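Where a number appears in this text, it was derived from the coordinates with a stated rule and is not lab data. Since we're looking at a predicted model, the values are computed, not measured. Cβ placement follows ideal geometry from the backbone for every residue including glycine, while neighbour counts extend to all protein chains displayed.
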């Protein structure tokens, strides 16, 4: 990802619902709300921070 604002405002719930599970989210810029993505159902891997996984 980039630090562009467009990625902060995407409908990640809709994106998650359309994905094959398990769904993974890798954030190289740490610009999104990782806890929110985890609550939606993503396995979140922010660069330089601890992963949030449902495993």
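Numbers below:
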| read-out | value |
| --- | --- |
| Correct choice for semi-axes √(5λ) of the Cα gyration tensor in Å that was computed from the model, options (1) 18, 17, 10; (2) 16, 15, 8; (3) 21, 12, 10 | (2) |
| Inter-label distance, nm, simple model (7 Å from Cα along the C-beta direction), residue 26/residue 4 | 1.9 |
| Sequence of 27, 5 once ranked by neighbouring C-beta atoms within 10 Å, starting from the fewest | 5, 27 |
| Residue-averaged 222 nm ellipticity for the chain, from DSSP H runs of 4+ at -39500 (n - 2.57), nearest 500 | -5500 deg cm²/dmol |
